[in-house]
Amino acid sequence: MGLDYKKVGVDIDAGNQAVELIKNDVQSTFGPEVMTGLGGFGGLFKPDLSNYQNPVLVSGTDGVGTKLKLAFELNIHN
């Protein structure tokens, strides 16, 4: 196939550098509910939901941008 992330516009090193630049500011907002560090495609957060009946918390951090770009570049949509 010959394609890789960088060739389709995803610079992992630049992403890692961006995380390093914002890490201290982001971590300064963490309360005791935050159970994981910064980075990756998800995190763990344990909110106090004792005041709610049947609570639901939905969270997502990963998008489909790169996957769509590759699908269109390769013309594979199955």
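What follows draws every value from the coordinates through simple rules; no lab data is involved. Remember, predicted model here, so these are calculated numbers, not experimental data. Counting neighbours? That spans all protein chains shown, and the Cβs are built from the backbone with ideal geometry, glycine included.
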Taking placed amide H atoms and a strict 5 Å upper bound, the residues 5 or more places from V34 or on another chain that come that close are K46
Listed residues G65, G39, G15; largest mean-square fluctuation, Gaussian network over the chain with Cα springs below 10 Å, found at G65
Any idea what the relative contact order of the chain is, in percent, if you count C-alpha pairs under 8 Å spaced at least 6 apart?
23 percent
Which lysines, if any, have their Cα less than 27 Å from the Cα of K69, not counting same-chain residues under 8 positions apart?
K6, K7
Sum up the charges of everything whose Cβ sits under 15 Å from the Cβ of E20, counting Lys and Arg as +1 and Asp and Glu as -1, but leave E20 out.
-2
Using a Gaussian network for the chain with springs between C-alpha atoms less than 10 Å apart, which of these wobbles most: N51, N24, N16?
N51
Between Q27, Q17, Q53, find the one with the highest GNM mean-square fluctuation for the chain; connect C-alpha pairs within less than 10 Å.
Q53
Extend 7 Å from the Cα of K67 along its Cα-to-C-beta direction; within region 13-48, residues with backbone N under 18 Å of that point are 40-43
Ranked list, fewest to most other Cβ atoms within 10 Å of each Cβ, for V19, V56:
V56, V19
Counting other Cβ atoms within 10 Å, keep those with at most 11, restrict to DSSP loop, and tell me which chymotrypsin sites (Phe, Trp or Tyr not before Pro) in the chain are left.
F41, Y52
Cα-based Debye curve of the chain sampled at q = 0.23, 0.26 Å⁻¹ gives log₁₀ I(q)/I(0) of -1.13, -1.28
Can you pull the one-decimal nm distance between simple spin-label points at V56 and V10, each 7 Å off the Cα toward Cβ?
2.9 nm
